[in-house]
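Note sheet for the following structure.
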């Protein structure tokens, strides 16, 4: 695991074996689990698991888009975000951030979603996550029709 001092995230656009994953939610709770995976190759996948069903959305980012995304996450300190161990509010979800390379997890942080209010870095990461999920799913997620009540 990294200690946050390296700059793996910034290298994303130059390393097709590097991957960033951001996951939020629980499959069998409300809107389900939404996982965004961005690979150094430019491949982007959003996986939405909800009540035993799974839907995948895919897109490819241009090199400049990928570099912008990676640099923004690096500027926000993605690698320096660490697991927050505290009692969570009722119905509060956990967001999982990870960096992997060739299947090996190099960094992982599990953070209660409510930390968004207190940590501007985490809030910025979630803003980037939500924006890219919205684009890849063509507004179906994270707050569009696919996330609505059934």
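The values are calculated or read from the model by the stated rules, or taken from the named source; none is laboratory data. Owing to the predicted nature of the structure, the values given are computational and were not obtained by experimental measurement. Because the Cβ atoms are built from the backbone with ideal geometry, glycine has one as well, and the counts that use them run over all protein chains shown.
Residue check: is residue 141 touching a strand residue (DSSP E or B) at 6+ places or on another chain (Cβ under 9 Å), in contact (Cβ under 8 Å) with a residue 24 or more places away in the chain and over 18 Å from residue 39 (Cβ atoms)? Show your work before the answer.
Details: touching a strand residue (DSSP E or B) at 6+ places or on another chain (Cβ under 9 Å): yes; in contact (Cβ under 8 Å) with a residue 24 or more places away in the chain: yes; over 18 Å from residue 39 (Cβ atoms): yes.
Here the answer is yes, as residue 141 does meet what is asked.
Of the residues 109, 123, which single one is modelled with pLDDT of 95 or more and farther than 26 Å from residue 16 by Cα?
On the way: 109 fails: farther than 26 Å from residue 16 by Cα.
Exactly one of 109, 123 is modelled with pLDDT of 95 or more and farther than 26 Å from residue 16 by Cα, namely 123.
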Some residue of region 89-109 being part of a helix (DSSP H, G or I) and on the phi < 0 side of the Ramachandran plot: no
Test set (1) in a helix (DSSP H, G or I); (2) at pLDDT below 95; (3) more than 23 Å from residue 90 (Cα to Cα) - residue 132 fails condition number: (2)
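Residues that are closer than 22 Å to residue 116 by Cβ: which strands (runs of 3 or more DSSP E) entirely in region 28-78 hold 1 or more of them?
Details: elements: 33-39, 43-50, 53-60.
Strands (runs of 3 or more DSSP E) meeting the threshold: 33-39, 43-50.
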Lone unmet requirement of (1) under 20 Å from residue 13 (Cβ atoms); (2) more than 16 Å from the chain's Cα centre (by Cα); (3) surrounded by fewer than 16 Cβ atoms within 10 Å (Cβ to Cβ) for residue 144: (1)
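Across region 46-58, which residue is nearest to residue 101 (Cα to Cα) among those that are surrounded by fewer than 16 Cβ atoms within 10 Å (Cβ to Cβ) and at pLDDT 95 or above? Steps first, please.
Kept after step one, since they are surrounded by fewer than 16 Cβ atoms within 10 Å (Cβ to Cβ), are these residues of region 46-58: 51-56, 58.
This time we only want the ones that are at pLDDT 95 or above, so: 56, 58.
Numbers: 56: 22, 58: 20 Å.
The selected residue is 58.
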Residue within region 62-71 that is touching a strand residue (DSSP E or B) at 6+ places or on another chain (Cβ under 8 Å), more than 19 Å from residue 7 (Cα to Cα) and either surrounded by fewer than 18 Cβ atoms within 10 Å (Cβ to Cβ) or in contact (Cβ under 8 Å) with a residue 60 or more places away in the chain (or both) present: no
